[in-house]
Amino acid sequence: MEQFNIAGKSDTAFVVFHGTGGNEYSLLQVVGDIDPTASIKAYIGNVGTGKERRFFAPLQNGQLDRADLDKHVTSFLNDWTQQKPKGKVIMMGYSNGANFLLALLEKEPNLADTVVLLHPSNLTFHFSETSTTELILTAGARDAISVPGESLKLSKTLTAYFQHTIFKLFDHGHEITDEEVKFIRTHLSQQV
């Protein structure tokens with residue numbers, strides 16, 4: 001999977017996954033607002049192009065194409081052992097990127113120190129192992145794509161496997177807002 005890298009000045013690395021139609025630059029400002037000293041590894045979805053670019057095939061009748069998703073997950077995890085940054089690793093995904101991270105966590109629950117899921121969907125993910133990885137989930141109260149009630153259900157499911165799970169609902173839609181970024185920045189800055 002293609003990636004874009006920016007060297008940082010600290011031992012913290014953000015590994016980011018854009019939403020549908022995004023690109024390697026989509027989350028750079030968000031990361032810069034959260035931690036301007038961190039290095040960044042931004043992955044580029046390899047399914048579709050332009051406004052259809054994503055990390056796995058689109059849902060069909062609301063269902064995942066598990067064969068396609070598993071193929072992309074396996075490919076990423078095979079490369080991850082060699083590409084994982086040293087130091088503290090924070091993975092962040094927005095929308096389709098957040099859903100891809102959930103699929104990665106199904107197979108490798110200790111993927112990173114912290115995983116930030118911005119507007120994930122409650123799809124048919126199945127977790128079987130517990131993990132010390134911290135999860136931060138955000139949702140919009142008026143989000144018509146990642147429905148907030150389903151996001152809350154997802155956070156409750158995740159809490160059974162990831163005891164350090166935080167869910168925060170914001171009064172907006174599917175977009176990432178300054179308030180959301182500030183919440184994540186404040187929470188991450190309080191970690192030891």
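The values are calculated or read from the model by the stated rules, or taken from the named source; none is laboratory data. This one's a predicted model, so the numbers in the text were calculated from it and none came from an experiment. Using ideal geometry, Cβ is built from the backbone for each residue, glycine included, and neighbour counts are taken over all protein chains shown. Note: areas computed on protein heavy atoms with side chains; ligands, DNA, RNA excluded. Shrake-Rupley method; radii C 1.70, N 1.55, O 1.52, S 1.80 Å.
Please go through the stretch 92-111 and give me each residue that is in a helix (DSSP H, G or I) and of a type in the set (A, V, I, L, M, F, W, C), ordered by number. 98, 100, 101, 102, 103, 104, 105 - these are the residues of the stretch 92-111 that are in a helix (DSSP H, G or I) and of a type in the set (A, V, I, L, M, F, W, C). Inside the stretch 151-192, residues that are without any contact (Cβ under 8 Å) to a residue 40 or more places away in the chain and of a type in the set (Phe, Trp, Tyr) make up a count of 2. Restricted to the stretch 60-93, and to residues that are within 26 Å of residue 132 (Cβ to Cβ) and of a type in the set (Lys, Arg), which residue is modelled with the highest pLDDT? That would be 88. Taking the criterion of being exposed (fewer than 14 other Cβ atoms within 10 Å of the Cβ) and of a type in the set (Ser, Thr, Tyr), the only residue of the stretch 1-13 that qualifies is 10. Of the set (1) open to solvent by less than 40 Å² (accessible area, probe 1.4 Å); (2) free of Cβ contacts under 8 Å to residues at least 60 places away in the same chain; (3) over 19 Å from residue 90 (Cβ atoms), all apply to residue 64 but (2). Among the residues of the stretch 106-127, those that are of a type outside the set (Gly, Ala, Ser), within 18 Å of residue 70 (Cβ to Cβ) and either open to solvent by 10 Å² or more (accessible area, probe 1.4 Å) or in contact (Cβ under 8 Å) with a residue 40 or more places away in the chain (or both) comprise 106, 107, 108, 109, 123, 124, 125, 126, 127. Does residue 182 fit the bill of being open to solvent by 30 Å² or more (accessible area, probe 1.4 Å) and either of a type in the set (S, T, N, Q) or over 17 Å from residue 31 (Cα atoms) (or both)? Answer is no for this residue. Residues that are at negative phi and surrounded by fewer than 15 Cβ atoms within 10 Å (Cβ to Cβ) do not occur anywhere in the stretch 14-21. The residues on offer are 55, 100, 76, and the sole one that is over 26 Å from residue 167 (Cα atoms) and open to solvent by less than 10 Å² (accessible area, probe 1.4 Å) is 76. If you go through the stretch 128-149 and pick out every residue that is open to solvent by 10 Å² or more (accessible area, probe 1.4 Å) and in contact with a Ser or Thr (Cβ under 6 Å, 6 or more places away or on another chain), you end up with 1. Sub-6 Å Cβ pairs linking a first residue in the stretch 25-48 that is closer than 15 Å to residue 112 by Cβ to a second residue that is assigned to a loop (DSSP other than H, G, I, E, B) and small (Gly, Ala, Ser), at least 6 apart or interchain, are 38/8; 38/10; 39/7; 39/8, ordered by first then second residue.
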